[in-house]
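Below: one structure, written as structure tokens.
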Amino acid sequence: MRRLLLTAAAATAAALTLTACGTTEPAADSAEATKTAERITLTDASGTKVELDGPATKVVGTEWHEVELLISLGVDPVGVADVKGYQTWDQAVPLKNEPKDIGTRGEPSMDTIAALKPDLIVASTDLPPAAVKQLREVAPVVEVKSADAADPIGQMTENLDLLAKATGTTEQAAKVKEAFDAKLAEGKKALADAGLAGAAYAFADGYDISNQVSVRPFTSGSLIGAVNERLGLKNDWTVKGDESYGLGSTDVEGLTKLSDDVHFAYIGNDGDKNSTPFTGALAKDKVWTSLPFVKKGNVHRLDDGIWMFGGPGSMNQYVDSVVAALTK
């Protein structure tokens, strides 16, 4: 009898052991299912299908527009092109970490990026195809179309949504877009209350290179031009802009075509001495000083550090700056 009991106990223990081992199989299946569920598949601006194992966290940005979007989504990029330049020109959405400088925006360092071992590289479609091909050998690449003059604001929000999907931050993207819409409505009301609804307005930036001043008009096809119109301002530029960024080209003589009562605004940067010709080289220029809007004092230098080609964060600061300048 004792022998039978021991044999039965051993058989029972063996059965329990086998059962316990068997439970690891469903657990493994569950983990694999979770991993599969986390996989992300998306199509970028180049039409390329991109697959990620999960929401990207170690991200490299090769263009400031995309870097700003990442930060707005709560993703601190581990690598950024021209860090110093970003810190100078995009103060609306500052870097919260100390990313590795990966080189220039037009020619990032492949070796530097590879050393960072990113799980995602965000590149602008402005980057040469050969460079993008090299980047794809390092890590998955999502190409973003930085600008589209046919729908500047729509392109900006499309970019935000694309990167939100890649980084698993769609809820944050919704909050960013909601804040942007609220800022536009707030700014439009403030200008209307000040009697500026429909006011003629022209925004530009300018450069003084080798004593030659060039002015770059931001037409209705530019991101800033689109924001201006959403604020209820009338774009006074008649020059044609390019198909991507909506930017035109003129000189000081071209400014004579603006309306006499136009509000002329620009952004310069004390960190770039060539970017402020309106208070520099043109200060004693007879054509500039004779312009009606200059004589009336309708020239407004907006706040430094607003990236004119940025995302909702930069545009929010731009709205605040425009409203403050025009209503003071």
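General observations
- Filtered residue count, region 170-214, keeping only those that are buried (at least 21 other Cβ atoms within 10 Å of the Cβ) and hydroxyl-bearing (Ser, Thr, Tyr): 1
- Region 113-122, residues that are outside any loop (DSSP other than H, G, I, E, B) and within 22 Å of LYS145 (Cα to Cα): ILE113, LEU120, ILE121, VAL122
- Yes/no for LYS133 being among the charged types (D, E, K, R) and either out of contact with any Asp or Glu (no Cβ under 8 Å at 6 or more places or on another chain) or not in a helix (DSSP H, G or I) (or both): yes
- Boolean, ALA265 is in contact (Cβ under 8 Å) with a residue 40 or more places away in the chain, buried (at least 21 other Cβ atoms within 10 Å of the Cβ) and closer than 18 Å to GLY297 by Cα: yes
- Per this entry, GLU143 is counted among residues that are of a type outside the set (Phe, Trp, Tyr), within 13 Å of the chain's Cα centre (by Cα) and either farther than 28 Å from PRO128 by Cα or not in a helix (DSSP H, G or I) (or both).
- When region 215-240 is filtered for residues that are touching a residue at least 60 places away in the same chain (Cβ under 8 Å) and surrounded by fewer than 20 Cβ atoms within 10 Å (Cβ to Cβ), only ARG230 remains.
- Residues that are in contact with a helix residue (DSSP H, G or I) (Cβ under 7 Å, 6 or more places away or on another chain) and assigned to a helix (DSSP H, G or I), drawn from region 94-112: MET110
- Tallying residues that are modelled with pLDDT under 95 and either in contact with a Cys (Cβ under 7 Å, 6 or more places away or on another chain) or farther than 29 Å from LEU163 by Cα (or both) within region 302-328 yields 1.
- Within region 84-93, the set of residues being among the hydrophobic types (A, V, I, L, M, F, W, C) and part of a helix (DSSP H, G or I) comprises just one member, TRP89.
- Complete set of residues in region 236-264 that are closer than 26 Å to ASP148 by Cβ and among the small types (Gly, Ala, Ser): GLY241, SER244, GLY246, GLY248, SER249, GLY254
- Leading residue by the ranking (surrounded by the fewest Cβ atoms within 10 Å (Cβ to Cβ)) among those in region 63-83 that are part of a loop (DSSP other than H, G, I, E, B) and of a type in the set (Val, Ile, Thr): VAL78
- Within region 86-115, considering residues that are without any contact (Cβ under 8 Å) to a residue 40 or more places away in the chain and of a type in the set (A, V, I, L, M, F, W, C), the one surrounded by the fewest Cβ atoms within 10 Å (Cβ to Cβ): ALA115
- A count restricted to region 21-70 and to residues that are farther than 30 Å from THR104 by Cα, of a type in the set (D, E, K, R) and modelled with pLDDT of 50 or more stands at 3.
The values are calculated or read from the model by the stated rules, or taken from the named source; none is laboratory data. This structure is a prediction, so every number in the text was calculated from the model and none was measured. So basically every Cβ, Gly included, is an ideal-geometry build from the backbone, and we count neighbours across all protein chains shown.
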